[in-house]
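Report on one structure; see the data block that follows.
The values are calculated or read from the model by the stated rules, or taken from the named source; none is laboratory data. Since this is a predicted model, take the numbers as computed values, not measurements. Reconstructed Cβ throughout: ideal geometry from the backbone, glycine too, with neighbour counts over all protein chains shown. Ligands, DNA and RNA are stripped out before the accessible areas are found, and what is left, the full protein with its side chains, is counted by its heavy atoms. Shrake-Rupley method; radii C 1.70, N 1.55, O 1.52, S 1.80 Å.
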Amino acid sequence: MFLRNKDVSAVAIVGMACRFPDARNYQQYWRNLLDGRNSIKEITPDRWKVDHYYSANIEETNKSLSKWCGLIENIGQFDN
């Protein structure tokens, strides 16, 4: 439904939940932004073996060109 300006009062945000790398909620995420925190890190060995999957050589097949990511801790406990 498209809301016109006169209908804006009919919308209410009653809650918010989110998870980001290095932040379990939006307050912590906002604090990370204000502090200039970089939450992108090198992929950890428990995720995948960097030596096996990564190559800086763009011509090498079946390899990733990146070994950096934003990880969410305890992803199995995330309630979507």
Handout entry: Qualifying positions in the range 38-47 - surrounded by fewer than 14 Cβ atoms within 10 Å (Cβ to Cβ) and not acidic (D, E)
Key = N38, I40, K41, T44, P45, R47
Problem - Residue under evaluation P21, criteria (1) surrounded by 11 or more Cβ atoms within 10 Å (Cβ to Cβ); (2) without any contact (Cβ under 8 Å) to a residue 12 or more places away in the chain; (3) within 18 Å of the chain's Cα centre (by Cα), criterion not met - result: (2)
Problem - Selection status of I58, at pLDDT below 90 and either open to solvent by 90 Å² or more (accessible area, probe 1.4 Å) or not hydroxyl-bearing (S, T, Y) (or both) - result: no
Completion exercise
In the range 49-80, anything assigned to a loop (DSSP other than H, G, I, E, B) and touching a strand residue (DSSP E or B) at 6+ places or on another chain (Cβ under 9 Å) is listed as S55, K63, L65, S66, K67, G70, L71, I72
Practice task
Among the residues of the range 24-37, write down those that are in a loop (DSSP other than H, G, I, E, B) and open to solvent by 100 Å² or more (accessible area, probe 1.4 Å).
Solution key: R24, R37
Completion exercise
Reported set for the range 61-80 where residues are modelled with pLDDT of 90 or more and open to solvent by less than 80 Å² (accessible area, probe 1.4 Å) is K63, S64, S66, K67, C69, G70
